[in-house]
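Accompanying notes for the structure given below.
The values are calculated or read from the model by the stated rules, or taken from the named source; none is laboratory data. Values in this document were obtained by computation on a predicted structure and should not be read as measured data. Cβ sites come from the backbone with ideal geometry, for glycine too, and all protein chains shown count toward neighbours.
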Amino acid sequence: MQKVNIILVGFGRVGRAFYELLKEKYDHYRERYGLFLELRAIVRKSGTVLLSGTRKMVSEAESGSGEKSELSGWIQTFSLADLLEEFKSGVLVDCTPSDLKTGEPGYSLTKMALSQGWHVVTASKGALVVHPSELAAEARKNQLALKASGATAAALPTLDVGLHSLAGAEILAIEGILNGTTNYILTRMADGLSFSRALMEASEKGIAEPNPVQDIEGWDTAAKMIIIANKVLGTEIKMSETRVHGINGLTEEIMARAAQIGKTIKLIGRCSRESPGAPWKVEVGLALLNPDHPLAMVDGSNKGIIFYTDCMGYVVVTGGKSDPRGAAAALIKDIISIYWRDF
Ligand code: HSE
């Protein structure tokens, strides 16, 4: 049995879902993996709340005491550095918004946590897009994990497959549907809905981000593919070198034309190179898929990824719908993989 200290930074939709899932499944993580996943503090812009640990919160909720006051005491007194020092070691969970230009605030807090001996598990893409090598080197130097399932299509396993399941095989290309919002919109437009109506549904269901521009314009797909490629292929691809087209401008007429010729329109991220030794490139854009393409049947907020390899054929993973609970589950999977000995 092992006790794991957790500090959560960011308390938006994914941060809240993480907090709820941790409490809901606390006993399962303990019984199945021998891990006491103890949430010690939540940090957000407006302050910090110190918690008594997940076990105490769960038992207080069960006995009917404590539930009301649990998240009421947000104070400015403790800095993140203080908290990292106070609890000594554990996992910092980064659920802050992704800034794909500066990488902040994820960059600064990831560096701080790694330099103070904490593992980092992140759902935020910015830092890994802007400073991939520096952060990987910092983690290696300190023999700590920097895990990013939550930032690379979350509930859909991508990095785990590329790094572990395909270890030893040469990956020749990667392609995927990595954004649930755009896939949901495309699916609903194929059903006959307008773009704006489909986007509204995606927002109502909590699939789209509060500001869905990064989803719609393809930047979210590009960021995820860059992180996957950098980690799995050892590349250092920059966003500025990436060709990105989203689904904006797509009309019901274009969807109908595609259907008439028996094709499905999908937003695809691709990482490939012209020949062995040539530079890897990432591009994102709409593709017309034949019905027998492995990604053609990926519907709604589900996603999918294909790894083309030299000796394992092509490997496809589909499913892993986009929503805050799925993203929270991906964060917890990464925490379990750091500590569970039988992983
Ligand atoms: N909004 C994203 C999606 C999840 O639709 O898949 C955040 O990366």
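Yes/no per residue for (1) near the ligand (Cβ under 10 Å from one of its atoms); (2) under 15 Å from residue 246 (Cβ atoms); (3) out of contact with any strand residue (DSSP E or B) (no Cβ under 7 Å at 6 or more places or on another chain); (4) at pLDDT below 95:
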| residue | (1), (2), (3), (4) |
| --- | --- |
| 159 | no, no, yes, no |
| 162 | no, no, no, no |
| 171 | no, no, no, no |
| 186 | no, yes, no, no |
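Go through (1) part of a loop (DSSP other than H, G, I, E, B); (2) within 16 Å of the ligand (Cβ to nearest atom); (3) surrounded by fewer than 17 Cβ atoms within 10 Å (Cβ to Cβ) and name the single condition residue 155 misses. The one condition residue 155 does not meet is (3).
When each of 162, 126 is tested for being surrounded by 18 or more Cβ atoms within 10 Å (Cβ to Cβ) and assigned by TED's automatic domain parsing to the domain that holds residue 214, the lone residue that passes is 162. Residues in the stretch 208-255 that are of a type in the set (Gly, Ala, Ser), within 16 Å of the ligand (Cβ to nearest atom) and either at negative phi or not assigned by TED's automatic domain parsing to the domain that holds residue 165 (or both): 208, 222, 223, 246. Of the residues making up the stretch 190-197, none is over 18 Å from residue 321 (Cα atoms), touching a strand residue (DSSP E or B) at 6+ places or on another chain (Cβ under 7 Å) and charged (D, E, K, R).
Looking at 90, 117, 106, which one is within 16 Å of the ligand (Cβ to nearest atom), among the small types (Gly, Ala, Ser), at pLDDT 95 or above and surrounded by 14 or more Cβ atoms within 10 Å (Cβ to Cβ)?
Only one candidate qualifies: 106.
Among the residues of the stretch 284-314, the ones that are buried (at least 19 other Cβ atoms within 10 Å of the Cβ), not in a loop (DSSP other than H, G, I, E, B) and not aliphatic (A, V, I, L, M) come to 3 in all.
Going through (1) more than 13 Å from the ligand (Cβ to nearest atom); (2) surrounded by fewer than 19 Cβ atoms within 10 Å (Cβ to Cβ) one by one, residue 203 falls short only on (1).
In contact with a Lys or Arg (Cβ under 7 Å, 6 or more places away or on another chain) and not aromatic (Phe, Trp, Tyr), is that true of residue 287?
Considered against the rule, which asks whether it is in contact with a Lys or Arg (Cβ under 7 Å, 6 or more places away or on another chain) and not aromatic (Phe, Trp, Tyr), residue 287 comes out as yes.
Restricting to the stretch 72-119, what's the tally of residues that are assigned to a loop (DSSP other than H, G, I, E, B), within 16 Å of the chain's Cα centre (by Cα) and β-branched (Val, Ile, Thr)? Number of matching residues: 1.
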